[in-house]
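Visitor: This is the structure, below, for whatever I ask next.
The values are calculated or read from the model by the stated rules, or taken from the named source; none is laboratory data. Keep in mind it's a predicted model, so treat the numbers as computed, not measured. Ideal geometry is used to build each Cβ from the backbone, glycine not excepted, and the neighbour counts take in all protein chains shown. Just the protein is used for accessible areas: all its heavy atoms, side chains included, with ligands, DNA and RNA removed. Shrake-Rupley method; radii C 1.70, N 1.55, O 1.52, S 1.80 Å.
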Amino acid sequence: MIALTGASGQLGQLVIKALLDEGVKANEIVAIARSTDKLSDYEKQGVQVRFGDYEKPDTLDKALAGVDKLLLISASEVGKRLPQHKNVIEAVKRSSVKHLTYTSILHADKSPLGLAKEHVETEQLINELNIATTILRNGWYSENYTMGLPNIIEHSTVIGCAGDGKLSTAAREDYALAAAKVLTSEGHSGKVYELAGDEAFTLSEFAEVVGKEFEREIKYQNLSEVEFKSALMQAGLPEGFAQLLADSEKGASNGGLFDNQRQLSKLIRRPTTTISKSIRDFKESYQS
Ligand SMILES: NC(=O)c1ccc[n+]([C@@H]2O[C@H](COP(=O)([O-])OP(=O)(O)OC[C@H]3O[C@@H](n4cnc5c(N)ncnc54)[C@H](OP(=O)(O)O)[C@@H]3O)[C@@H](O)[C@H]2O)c1
(Lines give C-alpha, C1' and ligand atoms only; values in the text may rest on other atoms or scores of the structure.)
Protein backbone atom coordinates (compact mmCIF):
# COMPACT_ATOMS: atom_id res chain seq x y z
CA MET A 1 0.00 0.00 0.00
CA ILE A 2 1.15 3.53 -0.85
CA ALA A 3 0.44 6.29 1.66
CA LEU A 4 0.96 10.03 1.61
CA THR A 5 0.77 12.67 4.30
CA GLY A 6 -0.46 16.18 3.50
CA ALA A 7 -3.03 14.39 1.34
CA SER A 8 -5.65 17.11 1.87
CA GLY A 9 -3.30 19.84 0.65
CA GLN A 10 -2.98 21.20 -2.86
CA LEU A 11 0.03 19.04 -3.76
CA GLY A 12 -1.31 15.99 -1.91
CA GLN A 13 -4.60 15.93 -3.79
CA LEU A 14 -2.73 16.15 -7.09
CA VAL A 15 -0.50 13.25 -6.01
CA ILE A 16 -3.58 11.09 -5.32
CA LYS A 17 -4.94 11.98 -8.78
CA ALA A 18 -1.58 11.19 -10.39
CA LEU A 19 -1.35 7.83 -8.58
CA LEU A 20 -4.83 6.89 -9.85
CA ASP A 21 -3.86 8.04 -13.37
CA GLU A 22 -0.71 5.89 -13.13
CA GLY A 23 -2.98 2.89 -12.54
CA VAL A 24 -2.72 2.42 -8.78
CA LYS A 25 -5.96 0.92 -7.44
CA ALA A 26 -7.86 3.35 -5.22
CA ASN A 27 -7.94 0.92 -2.28
CA GLU A 28 -4.13 0.63 -2.46
CA ILE A 29 -3.80 4.37 -1.69
CA VAL A 30 -3.83 5.63 1.91
CA ALA A 31 -4.47 9.38 2.12
CA ILE A 32 -3.39 10.77 5.49
CA ALA A 33 -4.63 14.17 6.68
CA ARG A 34 -6.13 16.10 9.54
CA SER A 35 -8.88 17.60 7.38
CA THR A 36 -10.19 14.26 6.15
CA ASP A 37 -13.41 15.97 4.98
CA LYS A 38 -11.42 17.56 2.12
CA LEU A 39 -10.83 14.05 0.75
CA SER A 40 -14.45 12.88 0.55
CA ASP A 41 -14.43 12.75 -3.28
CA TYR A 42 -11.41 10.43 -3.24
CA GLU A 43 -12.91 8.37 -0.42
CA LYS A 44 -16.00 7.81 -2.59
CA GLN A 45 -13.65 6.44 -5.28
CA GLY A 46 -12.29 3.91 -2.79
CA VAL A 47 -9.15 5.67 -1.52
CA GLN A 48 -8.49 4.83 2.15
CA VAL A 49 -8.68 8.12 4.02
CA ARG A 50 -7.06 8.04 7.46
CA PHE A 51 -6.70 10.71 10.13
CA GLY A 52 -3.13 11.64 11.00
CA ASP A 53 -1.80 14.67 12.87
CA TYR A 54 1.96 15.31 12.92
CA GLU A 55 1.55 16.51 16.51
CA LYS A 56 -0.12 13.26 17.66
CA PRO A 57 2.19 10.23 17.21
CA ASP A 58 -0.50 7.65 18.07
CA THR A 59 -2.61 8.85 15.11
CA LEU A 60 0.42 8.36 12.86
CA ASP A 61 0.91 4.77 14.04
CA LYS A 62 -2.71 3.98 13.16
CA ALA A 63 -2.48 5.81 9.83
CA LEU A 64 0.62 3.86 8.76
CA ALA A 65 -0.79 0.39 9.49
CA GLY A 66 -0.01 -1.97 6.58
CA VAL A 67 1.71 0.73 4.50
CA ASP A 68 4.73 -0.24 2.33
CA LYS A 69 5.68 3.09 0.77
CA LEU A 70 5.16 6.53 2.29
CA LEU A 71 5.38 9.98 0.75
CA LEU A 72 5.98 12.54 3.50
CA ILE A 73 4.85 15.86 2.06
CA SER A 74 6.62 18.52 4.09
CA ALA A 75 4.44 20.21 6.70
CA SER A 76 3.25 23.77 6.33
CA GLU A 77 3.91 25.47 9.67
CA VAL A 78 7.40 26.90 9.24
CA GLY A 79 9.34 26.70 12.51
CA LYS A 80 7.34 23.67 13.72
CA ARG A 81 8.21 21.41 10.81
CA LEU A 82 11.29 19.65 12.17
CA PRO A 83 9.58 18.19 15.27
CA GLN A 84 6.52 17.36 13.16
CA HIS A 85 8.59 15.55 10.51
CA LYS A 86 10.52 13.83 13.31
CA ASN A 87 7.25 12.44 14.65
CA VAL A 88 6.47 10.96 11.23
CA ILE A 89 9.99 9.52 10.87
CA GLU A 90 9.76 7.94 14.35
CA ALA A 91 6.36 6.45 13.41
CA VAL A 92 7.92 5.10 10.21
CA LYS A 93 10.52 3.27 12.35
CA ARG A 94 7.67 1.55 14.26
CA SER A 95 5.72 0.73 11.09
CA SER A 96 5.74 -1.61 8.08
CA VAL A 97 7.03 1.18 5.77
CA LYS A 98 9.96 0.00 3.62
CA HIS A 99 10.46 3.11 1.47
CA LEU A 100 10.12 6.74 2.58
CA THR A 101 10.04 9.60 0.05
CA TYR A 102 10.20 13.20 1.25
CA THR A 103 9.44 16.52 -0.47
CA SER A 104 12.36 18.83 0.32
CA ILE A 105 13.47 22.13 -1.23
CA LEU A 106 15.60 22.75 -4.33
CA HIS A 107 19.36 22.46 -3.58
CA ALA A 108 18.53 22.14 0.13
CA ASP A 109 22.18 21.64 1.13
CA LYS A 110 23.41 24.88 -0.43
CA SER A 111 20.24 26.95 -0.66
CA PRO A 112 20.46 30.59 0.52
CA LEU A 113 16.75 30.46 1.48
CA GLY A 114 15.96 30.47 5.20
CA LEU A 115 13.26 27.89 4.45
CA ALA A 116 15.93 25.31 3.64
CA LYS A 117 17.09 24.78 7.25
CA GLU A 118 14.19 22.57 8.36
CA HIS A 119 14.43 20.58 5.14
CA VAL A 120 18.18 19.93 5.61
CA GLU A 121 17.58 18.81 9.19
CA THR A 122 14.73 16.53 8.05
CA GLU A 123 16.89 15.06 5.27
CA GLN A 124 19.56 14.27 7.90
CA LEU A 125 17.01 12.35 10.01
CA ILE A 126 15.85 10.48 6.92
CA ASN A 127 19.43 9.58 5.96
CA GLU A 128 19.81 7.83 9.31
CA LEU A 129 16.92 5.44 8.56
CA ASN A 130 17.64 1.80 7.72
CA ILE A 131 15.06 1.63 4.94
CA ALA A 132 15.01 2.80 1.30
CA THR A 133 14.62 6.57 0.99
CA THR A 134 14.20 9.12 -1.81
CA ILE A 135 14.43 12.89 -1.56
CA LEU A 136 12.44 15.06 -3.95
CA ARG A 137 13.98 18.52 -3.71
CA ASN A 138 11.09 20.51 -5.16
CA GLY A 139 11.67 23.92 -6.70
CA TRP A 140 9.19 26.78 -6.50
CA TYR A 141 5.60 26.26 -7.63
CA SER A 142 4.58 28.46 -10.59
CA GLU A 143 1.35 28.97 -8.66
CA ASN A 144 3.31 31.03 -6.09
CA TYR A 145 3.37 33.68 -8.82
CA THR A 146 0.10 33.06 -10.66
CA MET A 147 -1.92 33.37 -7.43
CA GLY A 148 -0.85 37.04 -7.33
CA LEU A 149 -2.28 37.75 -10.81
CA PRO A 150 -5.47 39.59 -9.71
CA ASN A 151 -3.29 42.12 -7.82
CA ILE A 152 -0.76 42.31 -10.65
CA ILE A 153 -3.50 43.07 -13.18
CA GLU A 154 -5.14 45.64 -10.88
CA HIS A 155 -1.86 47.56 -10.46
CA SER A 156 -0.26 46.67 -13.83
CA THR A 157 2.86 45.84 -11.79
CA VAL A 158 4.71 42.80 -10.54
CA ILE A 159 6.59 43.59 -7.34
CA GLY A 160 9.35 41.52 -5.78
CA CYS A 161 12.96 41.56 -4.65
CA ALA A 162 14.39 38.78 -6.83
CA GLY A 163 16.32 41.24 -9.02
CA ASP A 164 17.63 39.43 -12.08
CA GLY A 165 17.50 36.05 -10.33
CA LYS A 166 16.20 33.29 -12.56
CA LEU A 167 13.28 31.21 -11.30
CA SER A 168 12.99 27.63 -12.56
CA THR A 169 9.40 27.08 -11.47
CA ALA A 170 7.06 24.25 -12.42
CA ALA A 171 3.38 23.60 -11.82
CA ARG A 172 2.29 21.70 -8.70
CA GLU A 173 0.90 19.10 -11.08
CA ASP A 174 4.42 18.43 -12.43
CA TYR A 175 5.86 17.86 -8.94
CA ALA A 176 2.84 15.66 -8.08
CA LEU A 177 3.43 13.50 -11.14
CA ALA A 178 7.13 13.17 -10.23
CA ALA A 179 6.14 11.93 -6.77
CA ALA A 180 3.68 9.45 -8.28
CA LYS A 181 6.36 8.15 -10.69
CA VAL A 182 8.78 7.61 -7.80
CA LEU A 183 6.10 5.85 -5.76
CA THR A 184 5.10 3.52 -8.59
CA SER A 185 8.40 2.59 -10.23
CA GLU A 186 11.72 1.10 -9.21
CA GLY A 187 15.24 2.52 -9.09
CA HIS A 188 14.73 5.51 -6.83
CA SER A 189 16.20 4.19 -3.58
CA GLY A 190 18.97 6.43 -2.23
CA LYS A 191 18.32 9.08 -4.91
CA VAL A 192 18.15 12.83 -4.32
CA TYR A 193 16.33 14.59 -7.16
CA GLU A 194 16.67 18.33 -7.84
CA LEU A 195 13.28 19.07 -9.37
CA ALA A 196 12.65 22.30 -11.27
CA GLY A 197 11.04 23.65 -14.40
CA ASP A 198 12.69 23.27 -17.82
CA GLU A 199 12.49 27.02 -18.43
CA ALA A 200 13.63 29.75 -16.09
CA PHE A 201 12.49 33.37 -16.03
CA THR A 202 13.30 36.57 -14.19
CA LEU A 203 10.45 38.55 -12.66
CA SER A 204 10.85 41.16 -15.45
CA GLU A 205 10.30 38.34 -17.95
CA PHE A 206 7.34 37.11 -15.90
CA ALA A 207 5.83 40.61 -16.09
CA GLU A 208 6.32 40.56 -19.86
CA VAL A 209 4.58 37.19 -20.24
CA VAL A 210 1.68 38.31 -18.03
CA GLY A 211 1.36 41.44 -20.18
CA LYS A 212 1.24 39.32 -23.33
CA GLU A 213 -1.37 36.93 -21.92
CA PHE A 214 -3.58 39.76 -20.60
CA GLU A 215 -2.85 42.08 -23.55
CA ARG A 216 -1.70 45.04 -21.50
CA GLU A 217 1.54 46.58 -20.31
CA ILE A 218 2.80 45.12 -17.04
CA LYS A 219 6.04 46.32 -15.49
CA TYR A 220 8.31 44.79 -12.87
CA GLN A 221 9.27 46.90 -9.86
CA ASN A 222 12.25 45.55 -7.97
CA LEU A 223 12.16 46.47 -4.27
CA SER A 224 14.59 45.93 -1.44
CA GLU A 225 13.88 42.94 0.81
CA VAL A 226 12.60 45.29 3.54
CA GLU A 227 10.34 47.20 1.12
CA PHE A 228 8.96 43.99 -0.34
CA LYS A 229 8.22 42.58 3.11
CA SER A 230 6.34 45.72 4.10
CA ALA A 231 4.41 45.76 0.79
CA LEU A 232 3.30 42.18 1.50
CA MET A 233 2.24 43.15 5.01
CA GLN A 234 0.28 46.11 3.66
CA ALA A 235 -1.46 43.64 1.34
CA GLY A 236 -2.59 41.74 4.46
CA LEU A 237 0.02 39.00 4.93
CA PRO A 238 1.10 38.23 8.50
CA GLU A 239 4.62 39.50 9.32
CA GLY A 240 6.22 36.04 9.64
CA PHE A 241 4.90 34.90 6.27
CA ALA A 242 5.85 38.20 4.59
CA GLN A 243 9.38 37.81 5.99
CA LEU A 244 9.63 34.26 4.62
CA LEU A 245 8.51 35.30 1.15
CA ALA A 246 10.86 38.29 1.08
CA ASP A 247 13.76 36.12 2.29
CA SER A 248 12.97 33.51 -0.37
CA GLU A 249 12.91 36.11 -3.15
CA LYS A 250 16.18 37.56 -1.89
CA GLY A 251 17.56 34.02 -2.06
CA ALA A 252 16.23 33.77 -5.62
CA SER A 253 18.17 36.93 -6.52
CA ASN A 254 21.28 34.89 -5.63
CA GLY A 255 20.28 31.93 -7.80
CA GLY A 256 18.57 29.98 -4.98
CA LEU A 257 15.57 28.99 -7.13
CA PHE A 258 17.42 28.31 -10.36
CA ASP A 259 18.30 24.90 -11.75
CA ASN A 260 18.91 23.75 -15.32
CA GLN A 261 19.40 20.00 -14.93
CA ARG A 262 15.89 19.12 -16.16
CA GLN A 263 15.59 16.21 -13.72
CA LEU A 264 11.87 16.90 -13.31
CA SER A 265 11.01 16.52 -16.99
CA LYS A 266 13.20 13.40 -17.17
CA LEU A 267 11.28 11.89 -14.24
CA ILE A 268 7.82 12.74 -15.60
CA ARG A 269 8.81 11.96 -19.22
CA ARG A 270 7.34 15.16 -20.62
CA PRO A 271 8.32 18.85 -20.58
CA THR A 272 7.35 20.75 -17.45
CA THR A 273 4.42 23.18 -17.62
CA THR A 274 5.53 26.57 -18.94
CA ILE A 275 4.82 29.74 -16.98
CA SER A 276 2.65 30.98 -19.91
CA LYS A 277 0.49 27.86 -19.61
CA SER A 278 0.20 28.31 -15.83
CA ILE A 279 -0.87 31.93 -16.38
CA ARG A 280 -3.50 30.81 -18.92
CA ASP A 281 -4.73 28.07 -16.55
CA PHE A 282 -5.10 30.62 -13.76
CA LYS A 283 -6.90 33.02 -16.12
CA GLU A 284 -9.39 30.33 -17.13
CA SER A 285 -10.08 29.16 -13.56
CA TYR A 286 -10.43 32.78 -12.37
CA GLN A 287 -12.85 33.76 -15.12
CA SER A 288 -15.03 30.65 -14.80
N1 LIG B 1 7.70 24.48 -3.55
C2 LIG B 1 6.94 25.49 -3.21
O3 LIG B 1 6.82 26.49 -3.94
C4 LIG B 1 6.16 25.43 -1.93
C5 LIG B 1 5.28 26.48 -1.62
C6 LIG B 1 4.54 26.38 -0.44
C7 LIG B 1 4.71 25.27 0.39
N8 LIG B 1 5.58 24.30 0.05
C9 LIG B 1 5.78 23.09 0.88
O10 LIG B 1 5.15 22.00 0.21
C11 LIG B 1 4.12 21.43 1.04
C12 LIG B 1 2.94 21.02 0.17
O13 LIG B 1 2.47 22.15 -0.53
P14 LIG B 1 0.91 22.42 -0.68
O15 LIG B 1 0.77 23.49 -1.68
O16 LIG B 1 0.17 21.15 -0.84
O17 LIG B 1 0.56 23.00 0.78
P18 LIG B 1 -0.88 23.08 1.46
O19 LIG B 1 -1.95 23.09 0.43
O20 LIG B 1 -0.82 24.20 2.43
O21 LIG B 1 -1.01 21.71 2.25
C22 LIG B 1 -0.33 21.49 3.46
C23 LIG B 1 -0.70 20.10 3.97
O24 LIG B 1 0.00 19.91 5.20
C25 LIG B 1 -0.91 19.28 6.10
N26 LIG B 1 -0.56 19.54 7.49
C27 LIG B 1 -0.15 20.71 8.02
N28 LIG B 1 0.04 20.57 9.36
C29 LIG B 1 -0.28 19.28 9.64
C30 LIG B 1 -0.31 18.51 10.85
N31 LIG B 1 0.01 19.05 12.04
N32 LIG B 1 -0.66 17.21 10.77
C33 LIG B 1 -1.01 16.65 9.59
N34 LIG B 1 -1.02 17.32 8.41
C35 LIG B 1 -0.67 18.62 8.45
C36 LIG B 1 -2.24 19.89 5.76
O37 LIG B 1 -3.24 19.04 6.26
P38 LIG B 1 -4.70 19.53 6.79
O39 LIG B 1 -5.36 20.18 5.59
O40 LIG B 1 -5.35 18.28 7.12
O41 LIG B 1 -4.47 20.49 7.86
C42 LIG B 1 -2.18 19.92 4.24
O43 LIG B 1 -2.60 18.69 3.72
C44 LIG B 1 3.81 22.52 2.06
O45 LIG B 1 3.29 21.97 3.24
C46 LIG B 1 5.18 23.17 2.25
O47 LIG B 1 5.99 22.41 3.12
C48 LIG B 1 6.29 24.34 -1.11
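Visitor: How far is the Cα center of region 1-27 from the Cα center of region 235-281, in Å?
Guide: 23
Visitor: Quick check: from the Cα gyration tensor, does region 194-235 come out rounded (a/c under 1.5), prolate or oblate?
Guide: Taking the square roots of the gyration eigenvalues as a ≥ b ≥ c, region 194-235 is oblate.
Visitor: Give the accessible surface of the chain per residue, rounded to a whole number of Å², with probe radius 1.4 Å and ligands, DNA and RNA excluded. Spell out each step's value before the answer.
Guide: On the way: 13470 Å² over 288 residues.
On a per-residue basis, 47 Å².
Visitor: Sticking with this structure for a sec: What value in Å³ per residue do you get for the convex hull of the alpha-carbon atoms in the chain?
Guide: Numbers: hull volume 36.6 nm³, N = 288.
Taking the convex hull of the Cα positions in the chain, it is 127 Å³ per residue.
Visitor: Skipping prolines and chain starts, which residues have an amide H placed within reach, meaning under 5 Å, of the one on T133, given they are 5 or more residues away or on another chain?
Guide: L100, G190
Visitor: To continue, here is another question. Compute log10 of I(q)/I(0) for region 143-185 with the Debye formula, placing one identical point scatterer on every Cα and leaving out solvent, at q = 0.27, 0.29 Å⁻¹, to two decimals.
Guide: -0.99, -1.04
Visitor: To the nearest 500 deg cm²/dmol, what mean residue ellipticity at 222 nm is calculated for the chain from DSSP H runs of n ≥ 4 alone, each contributing -39,500 (n - 2.57), summed and divided by the residues?
Guide: So the helix-based figure for the chain works out to -13000 deg cm²/dmol.
Visitor: Distance from the Cα centre of region 95-118 to that of region 124-151, in angstrom?
Guide: 7
Visitor: I'd like the carbon and sulfur percentage of the solvent accessible area for the chain, probe radius 1.4 Å, heavy atoms only, ligands and nucleic acids excluded.
Guide: 49
Visitor: Within region 49-144, report the GluC sites (Glu not before Pro) that DSSP leaves as loop and that have at most 10 other Cβ atoms within 10 Å.
Guide: Of the GluC sites (Glu not before Pro), the ones in loops of region 49-144 whose Cβ has at most 10 other Cβ atoms within 10 Å are E77, E128.
Visitor: Further question on the same structure: Please state the shape class of region 1-53: rounded when a/c is under 1.5, otherwise prolate if a/b exceeds b/c and oblate if not, all from the C-alpha gyration tensor.
Guide: Prolate shape, in that a/c is at least 1.5 and a/b is the bigger ratio.
Visitor: Can you list which of the GluC sites (Glu not before Pro) found in region 179-288 are DSSP loop residues with at most 13 other C-beta atoms within 10 Å?
Guide: Listed in order of number, the matching sites are E186, E215, E217.
Visitor: Across region 123-128, in residue order, what do the Karplus-derived ³J(HN,Hα) couplings come to in whole Hz, using 6.51 cos²θ - 1.76 cosθ + 1.60 with θ = phi - 60° and x for Gly and Pro?
Guide: 4, 4, 4, 5, 4, 7
Visitor: In whole Å, what are the Cα extents of region 128-271 along the three principal axes, biggest one first?
Guide: Projected onto its principal axes, the Cα set of region 128-271 covers 50, 34, 24 Å.
Visitor: Report, in debye and to the nearest 20, how large the dipole of the chain comes out about its Cα centre when Lys and Arg carry +1 and Asp and Glu carry -1 on their Cβ. Could you put the intermediate results ahead of the total?
Guide: Numbers: 34 positive and 40 negative charges, 145 e Å.
Using only the charged Cβ atoms, the result is roughly 700 debye.
Visitor: Now, a different point. Taking only the C-alpha atoms, wrap a convex hull around region 70-194 and report its volume per residue in Å³ as a whole number.
Guide: 120
Visitor: Under a point spin-label approximation (7 Å from Cα along Cα-to-Cβ), what is the R280-F51 distance to one decimal in nm?
Guide: 4.5
Visitor: If we count every other residue with Cβ under 13 angstrom of S224's Cβ, Lys/Arg +1 and Asp/Glu -1, where does the sum land?
Guide: -2
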